[in-house]
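Heads up, the thing below is written out as structure tokens.
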Amino acid sequence: MKKFISYAAAGAAMMMAVSCATTKKMDVSELSGRWEITAVNGKPVASSALESQPFLGFDVTEGKIFGNAGCNRITGGFSSAGGAGHITFDKVASTRMMCPDMTVEQNVLQALDKVVGYKSAGAGEVALTGENGSTLISLKVIKPEIDAAGLEGTWLIRTLGGKELTPTPEASYTVTFDAANRTFSCSTGCNTLGGSFSADYSDFRFDLSTSTMMMCPDTSVEDTLKELLPSVTRYGRISGGGIGFYSDSDTLVMTLVR
């Protein structure tokens with residue numbers, strides 16, 4: 001009898017452990033990052049037909065959201081005061097551009113207003129749910145195409161402001177990144193420019209703060225870097241393995257190659 005009770009107790013404990021594992025709710029910290037909006041109200045989103053890729057980003061430290069609803073950028077806040085699995089959005093606002101088809105955008109904004117919870121929907125997927133537990137918005141994690149660590153080291157500046165740069169024995173044009181400290185330095189053929197940078201998914205910013213003060217007969221590259229680097233807002237890989245840096249208007253500012 002004692003053995004039977006022991007086996008029964010062990011079996012019950014195992015069943016409880018399995019039950020707890022299968023019902024464990026996601027912690028809000030697991031939402032950190034960017035997520036592609038793949039469906040709204042059960043209807044798949046055809047992003048190729050939209051002005052922009054719809055996505056939702058969570059800054060869990062600040063309790064803020066950001067993203068794009070298919071046309072306009074969206075910002076706002078969220079609260080997870082109800083504990084794991086509970087979430088509500090507030091002060092959600094969007095820019096006011098007009099696009100040919102605003103249906104997806106309107107559906108995204110209306111759905112966000114009704115969200116009260118979230119749950120895992122599989123590996124790398126999350127469902128934002130309504131009061132009855134139904135899925136209002138389906139999300140799929142977006143993995144960065146490149147990160148700061150991938151920039152580490154020295155790169156040749158191949159193009160700058162649409163013009164190709166050709167290094168000479170007297171002058172090389174390079175950008176060197178220190179990923180750990182988020183700093184960079186540029187060799188311009190005359191002075192060395194430097195500062196810090198920030199990189200988050202496809203977003204990128206240069207903050208120029210230092211420069212040597214040599215007098216040189218040709219400062220054209222230096223002057224162009226000073227003018228254009230502050231305009232960079234995003235980056236990504238280009239064909240051939242290089243990196244392209246773009247302005248907010250999607251103009252290619254600079255390309256780097258190894």
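The values are calculated or read from the model by the stated rules, or taken from the named source; none is laboratory data. Quick caveat, the model's predicted, so the values are computed rather than measured. Here the Cβ is made from the backbone with ideal geometry for all residues, glycine too, and neighbour counts use every protein chain on show.
Scanning the stretch 192-235 for residues that are within 22 Å of Pro167 (Cβ to Cβ), hydrophobic (A, V, I, L, M, F, W, C) and outside any loop (DSSP other than H, G, I, E, B) yields Leu193, Phe206, Leu208, Val221, Leu225, Leu228, Leu229, Val232.
So for the stretch 150-168 (the condition being closer than 28 Å to Gly42 by Cα, in contact (Cβ under 8 Å) with a residue 40 or more places away in the chain and of a type outside the set (Val, Ile, Thr)), does at least one residue qualify? No, there is no match, as no residue in the stretch 150-168 is closer than 28 Å to Gly42 by Cα, in contact (Cβ under 8 Å) with a residue 40 or more places away in the chain and of a type outside the set (Val, Ile, Thr). Every condition in (1) in contact with a strand residue (DSSP E or B) (Cβ under 9 Å, 6 or more places away or on another chain); (2) part of a loop (DSSP other than H, G, I, E, B) is met by Gly83 except one, and the failing one is (1).
Go through the stretch 92-124 and count every residue that is part of a helix (DSSP H, G or I), more than 19 Å from Phe66 (Cβ to Cβ) and either charged (D, E, K, R) or at pLDDT 95 or above (or both).
Within the stretch 92-124, residues that are part of a helix (DSSP H, G or I), more than 19 Å from Phe66 (Cβ to Cβ) and either charged (D, E, K, R) or at pLDDT 95 or above (or both) number 1.
The residue list Glu105, Glu125 contains one member that is crowded, with 17+ Cβ neighbours inside 10 Å, charged (D, E, K, R) and under 20 Å from the mean Cα position of the chain (by Cα), which is Glu105.
Residue check: Lys64 meets all listed conditions (1) touching a residue at least 24 places away in the same chain (Cβ under 8 Å); (2) at negative phi but one, namely (1).
Entry remark, the stretch 178-190: residues being in contact with an Asp or Glu (Cβ under 6 Å, 6 or more places away or on another chain) and modelled with pLDDT of 95 or more number 2 in total. Among the residues of the stretch 67-80, just one is assigned to a loop (DSSP other than H, G, I, E, B) and more than 21 Å from Asp248 (Cα to Cα), namely Ser80.
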